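Contents: one structure, followed by commentary.
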Amino acid sequence: MRKWKNGLLMLAVVMCLGMFFKLPVYASADTSERIDFSKNGTGTLTIRYETIETTDDEGNIIPGTGVPEAEFTIYLVEELVEDNGVQKLQWASGFENCTVSLQNLSNSQQNQAAKKLEAFVRKNHIQGRTWRTDDKGYVKFTNLTFGTYLVVLTDVPEDYGTIDPFLISVPLEKNGTIKYDVVAIPKTGEFPLLEPESYPPAEPETPVTPPSEPEKVPEKLPQTGPARWIIPLLFVCSLVVFASGWILLKKKPGKFLMFGGVLLFAAMIGVTVYQNYTERVSEDAAADLLAAYEAGIGLEDAIVRPSGIDADDMDYVVIDEAELIGTISIPAIDITLPVIKDCTSSGLKKAPCRYKGNAEESSMIIAAHNYGRHFGKISLLRAGDEVTFTDVDGVEYCYEVQGTETLGAYDVEQMLSGDWDLTLFTCTYGGQNRITVRCSLKE
């Protein structure tokens, strides 16, 4: 009985998603209103996760209720940009090599596309923004870049059904009007346990071997540095190939090998120049953010105070589309940097990012690139060195370095373990491991 009821409920879920989450068309020249790009970064997505409306044995309607503590993760799949007055969508960072088409899809095709994108996210370890619903079933994502988002239910409380991933756009166009605050209401079935006396008589069943669970993709720590190992590799390869050509110069392959060696050496120079350029751009971006932050600090009306949906959330200010929660200062290596609220690949290109935790709860973990003016020198820190984090309200948290360790790229559990008040980490030179600095709050 319970199985066929669950099946009907899940069918209703699919039908609801088909009706509510058909991807809209963005505003174009012939619509009554165009998207205001000066609002970029101010779009919001509110999700209310609730149960499907049901009826009791007497035919009375039981309205749906919000599901608390359901975890949703959103991923920016396509970014909306404006080029010479033309608004268009382009793949967001991390999705450039995605082969899924999102053009002119029917409801069923959108459902399939969302599933393929979820698989792509898992395979490529792409990080999204994750929050849980409050006691009324609401979760709100703010300051969203305009574009198409993949929404995935990543954790659901026991006794509730699940839903398929779906796609939704921020902002939405509806009847020629642009909606910058988007609301989605996916629904689930609720399967409460029956009282013992209400269970149907047990029937003998043939033992069935449960299907093996699919292998879970291991979670990976953020990549906080370029693959610098490729530079010495190209250098060695260029020398070997060129030397081989020199030895065989009098033979036919000799000149080709020497030319190949020159090309490999040129590739090494190109990679070196590119990595140095991106490092300089990131360091300049951090310096600009810090200067703007320090110039505007103290403006009380500019501070955003989250509603408390996420227990780890912190007050922040928005500067140049970056949500800053404060600054970190490490005198021993002569750096002072702004800290971004959420850890994303785009955020790490600008400044250190909060990976997990909260300064007030003494559990904060901060990640940054291994550039010279970011966290590239934290391996030099020694026990007793001071680290100071100052939040947007001016509250200072003074820490003392206790020691350093090196963790693997997939050692997420080890990174989160231990009773540390503050943790800093960045990639090693080759980008394979993570240099980790553990700190305790000073008395």
### Task
Inspect all residues belonging to the range 414-421 and state whether any of them is more than 26 Å from the chain's Cα centre (by Cα), hydrophobic (A, V, I, L, M, F, W, C) and either crowded, with 21+ Cβ neighbours inside 10 Å or modelled with pLDDT of 90 or more (or both).
no
#### Entry: Test for Gly59: is it out of contact with any helix residue (DSSP H, G or I) (no Cβ under 8 Å at 6 or more places or on another chain), modelled with pLDDT under 75, assigned by TED's automatic domain parsing to the domain that holds Lys179 and small (Gly, Ala, Ser)
yes
### Unique residue being closer than 19 Å to Thr428 by Cβ and among the small types (Gly, Ala, Ser) when the list is Gly261, Gly225, Gly245
Gly225
### Query
Does Ile365 satisfy the criteria of being within 27 Å of Phe95 (Cα to Cα) and part of a strand (DSSP E or B)?
yes
### Task
Examine the range 364-381 for a residue that is over 23 Å from Ala287 (Cα atoms), surrounded by fewer than 21 Cβ atoms within 10 Å (Cβ to Cβ) and in the same structural domain as Ile328 (by TED's automatic domain parsing), and state whether such a residue exists.
no
### Task
Report whether or not Val317 is buried (at least 24 other Cβ atoms within 10 Å of the Cβ), at negative phi and among the β-branched types (Val, Ile, Thr).
no
### Task
Please verify whether the range 423-440 includes one or more residues that are assigned to a loop (DSSP other than H, G, I, E, B) and either crowded, with 21+ Cβ neighbours inside 10 Å or among the acidic types (Asp, Glu) (or both).
no
### Query
When both residues are 6+ apart or on different chains and their Cβ atoms are under 6 Å apart, which pairs have a first residue that lies in the range 253-276 and is closer than 17 Å to Ala243 by Cα, and a second that is part of a helix (DSSP H, G or I) and among the hydroxyl-bearing types (Ser, Thr, Tyr)?
Leu257/Ser244; Gly261/Ser238; Leu264/Ser238; Phe265/Ser238
### Query
How do the pairs read when you match residues in the range 173-185 that are closer than 17 Å to Leu153 by Cβ with residues anywhere that are at pLDDT below 75, using Cβ under 9 Å and keeping only pairs 6 or more apart or on different chains?
Ala184/Phe20; Ala184/Phe21; Ile185/Cys16; Ile185/Phe20
### Task
May I ask you to list the residues in the range 382-394 that are outside any strand (DSSP E or B) and touching a residue at least 24 places away in the same chain (Cβ under 8 Å)?
Arg382, Asp385, Val392, Asp393, Gly394
### Query
Out of (1) assigned to a strand (DSSP E or B); (2) over 30 Å from Thr272 (Cα atoms), the odd one out for Trp420 is which?
(1)
#### Entry: Given (1) hydroxyl-bearing (Ser, Thr, Tyr); (2) buried (at least 21 other Cβ atoms within 10 Å of the Cβ); (3) closer than 27 Å to Gln103 by Cα, index of the condition Thr145 fails
(2)
### Task
Determine if the range 15-36 includes at least one residue that is at pLDDT 80 or above and among the charged types (D, E, K, R).
no
### Query
In the range 239-293, which residues are touching a His at 6+ places or on another chain (Cβ under 8 Å) and either modelled with pLDDT under 85 or not in a helix (DSSP H, G or I) (or both)?
Glu279
### Query
Which members of the range 88-137 meet the condition of being in a strand (DSSP E or B), more than 22 Å from Glu323 (Cα to Cα) and not aliphatic (A, V, I, L, M)?
Lys88, Gln90, Trp91
### Message
Going through Glu71, Glu96, Glu79, Glu118 one at a time, which residue ends up being at pLDDT 85 or above, surrounded by 13 or more Cβ atoms within 10 Å (Cβ to Cβ) and farther than 23 Å from Ile163 by Cβ?
### Response
Glu79
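The values are calculated or read from the model by the stated rules, or taken from the named source; none is laboratory data. Bear in mind that the values here come from a model prediction, so they are computed numbers and not experimental data. Glycine also receives a Cβ, built like all others from the backbone with ideal geometry; neighbour counts cover every protein chain displayed.
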